[in-house]
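Chemist: First the structure, which I've put down as structure tokens, then a few questions once you've had a look.
The values are calculated or read from the model by the stated rules, or taken from the named source; none is laboratory data. Just so it is clear, the model here is predicted, and its values are computed rather than measured. Backbone-built Cβ (ideal geometry, glycine too); neighbour counts: all protein chains shown. Ligands, DNA and RNA are excluded from the accessible area calculation, which covers all protein heavy atoms including side chains. Shrake-Rupley method; radii C 1.70, N 1.55, O 1.52, S 1.80 Å.
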Amino acid sequence: MAAAEAVGYPVALKTTTALHKSDVGGVVLGLADEAALSVAYTTMAGSLGPAVSVQQMVDAIASLPEGTKF
């Protein structure tokens, strides 16, 4: 919880025990407060272990090489 308070909400919670985190449910995004983080951590720690990182959410910024067509 201290990490989330330090960087500010919303945060992302990620396991540190899996290489492909999203494939095993090891990433939870947009946790808006301590209650949401606590629930997400309890769930994740129960299935993947207690080793996690808490990261600040940032606005999505896309960077495309010049000439990219979409």
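Chemist: For segment 35-49, just list the computed ³J(HN,Hα) in residue order, Karplus coefficients 6.51, -1.76 and 1.60, θ = phi - 60°, integers in Hz, with x standing in for Gly and Pro.
Modeler: Values, residue by residue: 5, 5, 5, 4, 5, 4, 5, 4, 5, 5, 4, x, 9, 10, x Hz.
Chemist: Suppose R0 equals 25 Å; then what is the FRET efficiency for residue 56 and residue 23 from their Cβ-Cβ distance, rounded to the nearest 0.05?
Modeler: My answer for the efficiency is 0.60.
Chemist: Can you pull the percent of segment 16-66's accessible area that's carbon plus sulfur, 1.4 Å probe, other chains left in place?
Modeler: Carbon plus sulfur share of accessible area: 58 percent.
Chemist: In the set [x] -1.17, -1.23; [y] -0.93, -1.02; [z] -0.83, -0.94, which value of log10 I(q)/I(0) by the Debye sum over Cα atoms at q = 0.21, 0.23 Å⁻¹ was calculated from the structure you see?
Modeler: [z]
Chemist: Would you mind checking which residues have amide H under 5 Å from residue 9's amide H? H placed 1.01 Å from N; only 5 or more apart, or other chain.
Modeler: The list, which skips near neighbours in sequence, is empty: none.
Chemist: So what J values fall out for segment 14-22 if you push phi through Karplus, 6.51 cos²θ - 1.76 cosθ + 1.60 with θ = phi - 60°, rounded to Hz, Gly and Pro as x?
Modeler: Taking θ as phi minus 60°, the curve returns 9, 6, 10, 9, 10, 6, 9, 4, 5 Hz for segment 14-22.
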